[in-house]
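One structure below.
The values are calculated or read from the model by the stated rules, or taken from the named source; none is laboratory data. This is a predicted model, so every value here is computed, not measured. Every residue, glycine as well, gets a Cβ built from its backbone with ideal geometry; the counts of neighbours run over all protein chains shown.
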């Protein structure tokens, strides 16, 4: 049975439709990355899942219990860290966590043990007696996470858990999330893509209130290999030199030194041999991957036409959709590469975590 | 669960300087009035001794103190209730309560009883001053009890109204000002009626119902008034919090 099952969820703010007909499921052991640009409806969806907002339409069931019919039981299975950690700054960490435990109806005798457990997991052992107001942002964030996992809920919903943390803390939090994912179902809501690639095993992209992409991480990784390589030579051959080589389907000059070539099978090895033989001065050979970032950008900034082409909601044939998606990415990749000048090269590297 | 929320509320009041300041200032002002009244009582004591059916110390000292306390609490109560829900909303801590397995009714009642616990303490401290007179004289304890009960009911009504207005906004100052405005309006409502009894404004005015109690008369009408007042505002608060989940 799935931990969370959401069907046809709709949420209006006045006339504005923030979440438009979203359906998805979360099973035990899933770490679901919920991606989307700002204002896409991520937080609204999370608020609805946690019972903070009532949906305009649609159903949410948690562990098979309907959130609207039986909110108390359903909410007991959820740990929620909102965008802003809900901390009472005037309390100490211990007091705060004990209060949270009581709110979740944990037996008095078990409170100390559970608070200690949550503190150990979040690295808060030495801060129990300190006021939350005096803790650094990173530690406050950890207290927020401790609060969400305290009652060992079946589902943990984390809304941008690593915002404002330094790189070390981010790494620690990610490790923690990965560890928690072994026992709990986790929804990780973020717009930081490397985070999703690092810890999630499923990914969903939401844009303008609609789910525009859904895939497992392994699927995504498989798709990333495109058979394209970016190569750079000191003494550049012509495009013609390259395309006449065996196994090179397509070559394209990006700037004075760089080329994008599409090869078949292992013919890239052949390309290297030829390059050495002809003394072209090969100094860069990089698989061109369609990263999650690229998918994200394509789906959330592309003109509406592309998106609709890529994932039309009416299109129920999965195979078809995938092909369309592939085509859309291909186009987008080439377009973006064509547009790239030398000065944008650095930007691109930054954006593409896989490179 | 209600107790958990109420106790945290009480604790957090004492963790902020506001509660301490309010208690200290109120106590200072009231004790000044208390001593002034005792002074007045001493100065007219000889005349009183010659009068038949003369008012006693309870009427001349205790009742005025409670009366002035009630006016002062009209001004102070909005300051204490303003942050009940609005601050939680502003700090984002409301999410903690809303995503916990508790109902909105429990949240609202928890908040209400939290402030009531504080007010019990407040009223007890005010009651200590008249009670100290027991060392030297006899008091009409029935009258005193009626006055204290009246003060407590009045404060509970203030708390319920303050809680409701705090649930409407994310800004404590706005909650305080609107609560004060509402309470003041209810306080002065009967003056517009020109003292006519039976007028709807007279019935709605708080003063109509608190004055008899301070004088030692407990009417079931007045008890019902405060009961309805409190229940109405608590229900409005619950409704408001529920509506907020549905619409924004």
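Tabulated data
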{"quantity": "Index of the failed condition, residue B:54 passing every other in (1) assigned to a helix (DSSP H, G or I); (2) more than 30 Å from residue A:50 (Cα to Cα); (3) touching a helix residue (DSSP H, G or I) at 6+ places or on another chain (Cβ under 6 Å)", "calculated": "(1)"}
{"quantity": "Extreme residue, modelled with the lowest pLDDT, among residues of segment A:194-218 that are more than 24 Å from residue A:50 (Cβ to Cβ) and either in contact with a strand residue (DSSP E or B) (Cβ under 9 Å, 6 or more places away or on another chain) or part of a strand (DSSP E or B) (or both)", "calculated": "A:217"}
{"quantity": "Residues (more than 9 Å from chain A (Cβ to nearest Cβ) and assigned to a loop (DSSP other than H, G, I, E, B)) located in segment B:79-115", "calculated": "B:82"}
{"quantity": "When residues of segment B:130-146 are limited to those that are under 21 Å from residue B:212 (Cα atoms) and touching a residue at least 24 places away in the same chain (Cβ under 8 Å), the one surrounded by the most Cβ atoms within 10 Å (Cβ to Cβ)", "calculated": "B:130"}
{"quantity": "The listed residue being in contact with a strand residue (DSSP E or B) (Cβ under 9 Å, 6 or more places away or on another chain) and either more than 16 Å from residue B:237 (Cβ to Cβ) or without any contact (Cβ under 8 Å) to a residue 40 or more places away in the chain (or both), out of B:79, B:96", "calculated": "B:96"}
{"quantity": "Residue in segment A:168-178 that is at pLDDT 85 or above, farther than 24 Å from residue A:86 by Cα and not in a strand (DSSP E or B) present", "calculated": "no"}
{"quantity": "Flag for residue A:133 being surrounded by fewer than 18 Cβ atoms within 10 Å (Cβ to Cβ), free of Cβ contacts under 8 Å to residues at least 24 places away in the same chain, out of contact with any strand residue (DSSP E or B) (no Cβ under 6 Å at 6 or more places or on another chain) and in a helix (DSSP H, G or I)", "calculated": "no"}
{"quantity": "Enumeration of residues in segment A:80-108 that are more than 8 Å from every other protein chain (Cβ to nearest Cβ), buried (at least 22 other Cβ atoms within 10 Å of the Cβ) and touching a strand residue (DSSP E or B) at 6+ places or on another chain (Cβ under 6 Å)", "calculated": "A:81"}
{"quantity": "So residue A:97, is it assigned to a loop (DSSP other than H, G, I, E, B), within 18 Å of residue B:99 (Cβ to Cβ) and in the same structural domain as residue A:209 (by TED's automatic domain parsing)", "calculated": "no"}
{"quantity": "Lone unmet requirement of (1) within 28 Å of the chain's Cα centre (by Cα); (2) at pLDDT below 90; (3) over 30 Å from residue A:215 (Cβ atoms) for residue A:55", "calculated": "(3)"}
{"quantity": "Considering residues of segment A:50-79 that are out of contact with any strand residue (DSSP E or B) (no Cβ under 6 Å at 6 or more places or on another chain) and more than 9 Å from every other protein chain (Cβ to nearest Cβ) only, the residue nearest to residue A:160 (Cα to Cα)", "calculated": "A:63"}
{"quantity": "Matching option when the condition is surrounded by fewer than 16 Cβ atoms within 10 Å (Cβ to Cβ) and within 25 Å of residue B:110 (Cα to Cα), among B:36, B:21, B:50, B:4", "calculated": "B:21"}
{"quantity": "Residues located in segment B:206-236, provided they are more than 16 Å from residue B:149 (Cα to Cα) and over 18 Å from the mean Cα position of the chain (by Cα)", "calculated": "B:235, B:236"}
{"quantity": "Among (1) under 20 Å from the mean Cα position of the chain (by Cα); (2) away from chain A (no Cβ under 14 Å); (3) surrounded by 13 or more Cβ atoms within 10 Å (Cβ to Cβ) - the single one residue B:10 does not satisfy", "calculated": "(2)"}
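A quick yes/no check of all residues on (1) free of Cβ contacts under 8 Å to residues at least 60 places away in the same chain; (2) at positive phi; (3) over 25 Å from the mean Cα position of the chain (by Cα):
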position: A:66; (1), (2), (3): yes, no, yes
position: A:73; (1), (2), (3): yes, no, yes
position: A:85; (1), (2), (3): no, no, no
position: A:105; (1), (2), (3): yes, yes, yes
position: A:108; (1), (2), (3): yes, no, yes
